[in-house]
Amino acid sequence: MMKKLTAVALAMLSLSAVAEEAPDMGNPTEVYNYLGLSYGSEGANLKGMRALSEDKGEYAQKTGILFEVKNIFNEKDKSPKFSGGFDMVPGVGPVPRMNDEADNRSYRLRYGTINTKNGLGWSVDAVLADHPFFGTMSVIQTGPVATIPVGDSLLIWPILYVGGVIVEDNTEDLVMTPEQGMAQKIQSEGVDIASTIATGMVYVKWSITDKIWMLSSYQYTKELSGKSWEDSIMEGGLQLDADVTEVSFAYQVTDKQNIRAYYSTAKDDSYWVEYNYAF
């Protein structure tokens with residue numbers, strides 16, 4: 001009986017130690033429960049993750065759902081938004097009537113799973129935003145991720161996504177005569193996949209000290225078919241950033257809290273400061 005009680009006590013202590021193990025908060029593929037708040041040039045942001053699997057001491061496969069809301073309060077200057085119809089401008093031709101405002105708020109939901117023993121994983125990423133011309137736009141992609149350790153302080157994660165862009169049907173708003181042309185070129189053609197796309201991405205983490213680390217990422221998106229990802233709207237494209245670079249420096253206040261300073265080339269350069277807490 002005493003041997004059984006001793007074994008149970010040791011097992012409970014072991015499980016407790018695993019549960020209290022601090023996550024690697026600088027690892028973009030780490031799965032753990034956390035919340036983050038930030039504020040910067042593009043307003044206030046909220047993000048977090050819900051772990052769906054058990055502690056990695058028991059299972060090699062970790063699964064979780066990440067969510068993010070950017071510009072929660074829809075702050076800052078808003079881009080002009082297409083409100084329907086075109087105006088004829090002498091010497092220019094038909095110009096879209098942009099007397100509405102695009103919503104600056106956007107949402108992201110990512111489901112991912114990673115094998116903690118070999119560093120291989122898979123994720124599905126979905127972003128919902130307001131496009132200045134096509135209205136509500138969803139970008140949904142999926143693909144694999146790998147972990148490549150380079151020495152003791154450098155880690156690299158390459159990711160390859162493939163997916164599509166879904167936009168609203170704005171055909172009824174394109175009030176144009178046949179002589180004005182352009183309508184067929186720039187309309188969304190229904191709530192369908194406007195484009196199929198591929199995104200190559202790489203994360204790099206550099207541990208400067210035990211408390212300070214840098215995480216940078218670069219991504220490039222290209223259309224495979226349909227509308228161009230980066231061409232202007234008047235040329236039949238979606239007019240979005242093809243390549244985006246992001247760099248963050250973090251200070252690990254405790255094992256479960258950190259403060260990060262971010263810089264991104266998205267939206268003509270943006271920056272923010274973020275606080276994260278792991279549960």
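The values are calculated or read from the model by the stated rules, or taken from the named source; none is laboratory data. These numbers were taken from a predicted model, which means no experiment stands behind them. Neighbour counts are summed over all protein chains in view; Cβ atoms, including those assigned to glycine, are modelled from backbone coordinates with ideal geometry. The area values use the complete protein model at the heavy-atom level, side chains included, leaving out ligands, DNA and RNA. Shrake-Rupley method; radii C 1.70, N 1.55, O 1.52, S 1.80 Å.
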Filter the stretch 154-184 for residues that are of a type in the set (D, E, K, R) and surrounded by fewer than 13 Cβ atoms within 10 Å (Cβ to Cβ); the one that is modelled with the highest pLDDT is Glu172
Between residues in the stretch 196-210 that are touching a residue at least 12 places away in the same chain (Cβ under 8 Å) and in a strand (DSSP E or B) and residues that are of a type in the set (Asp, Glu) and buried (at least 20 other Cβ atoms within 10 Å of the Cβ), which pairs lie under 9 Å by C-beta distance while being six or more apart or on different chains?
-> Thr196/Glu223; Ile197/Glu223; Ala198/Glu223; Thr199/Asp125
In the stretch 247-256, how many residues are open to solvent by 50 Å² or more (accessible area, probe 1.4 Å), assigned to a strand (DSSP E or B) and in contact with a strand residue (DSSP E or B) (Cβ under 8 Å, 6 or more places away or on another chain)?
-> 3
The one condition Leu238 fails out of (1) aliphatic (A, V, I, L, M); (2) open to solvent by 50 Å² or more (accessible area, probe 1.4 Å); (3) not in a strand (DSSP E or B) is (2)
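Just to check your reading of the model, which residue among Asn27, Asn45 is modelled with pLDDT of 90 or more and assigned to a strand (DSSP E or B)?
Values: Asn27 fails: assigned to a strand (DSSP E or B).
Only one candidate passes the filter, namely Asn45.
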Mind checking whether some residue in the stretch 85-108 is closer than 17 Å to Asp130 by Cα, of a type in the set (Gly, Ala, Ser) and within 19 Å of the chain's Cα centre (by Cα)?
-> yes
May I ask you to verify whether Val145 is modelled with pLDDT of 90 or more and closer than 23 Å to Gly119 by Cβ?
-> yes
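Counting residues that are among the charged types (D, E, K, R), which strands (runs of 3 or more DSSP E) fully inside the stretch 51-145 reach at least 1?
On the way: elements: 61-70, 86-89, 93-96, 106-115, 121-131, 135-145.
In the stretch 51-145, 61-70, 86-89, 106-115, 121-131 are the strands (runs of 3 or more DSSP E) which contain 1 or more residues that are among the charged types (D, E, K, R).
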Given the conditions (1) in contact with a Ser or Thr (Cβ under 6 Å, 6 or more places away or on another chain); (2) at pLDDT below 90, report the number of the one that Glu58 does not fulfil.
-> (1)
Within the stretch 109-124, of all residues that are more than 14 Å from Arg50 (Cβ to Cβ) and touching a residue at least 60 places away in the same chain (Cβ under 8 Å), the one surrounded by the fewest Cβ atoms within 10 Å (Cβ to Cβ) is Gly119
With the condition kept exactly as written, say whether any residue in the stretch 152-168 is outside any loop (DSSP other than H, G, I, E, B) and among the hydroxyl-bearing types (Ser, Thr, Tyr).
-> yes
What are the residue pairs meeting all of these: first residue in the stretch 223-241, first residue without any contact (Cβ under 8 Å) to a residue 60 or more places away in the chain and among the small types (Gly, Ala, Ser), second residue open to solvent by less than 70 Å² (accessible area, probe 1.4 Å) and outside any loop (DSSP other than H, G, I, E, B), Cβ atoms under 8 Å, and 6 or more apart or on different chains?
-> Ser225/Ser195; Ser225/Thr196; Ser228/Ser195; Gly236/Ile186
Scan the stretch 76-104 for residues that are over 18 Å from Ser232 (Cα atoms) and crowded, with 16+ Cβ neighbours inside 10 Å and jot them down.
-> Asp103, Asn104
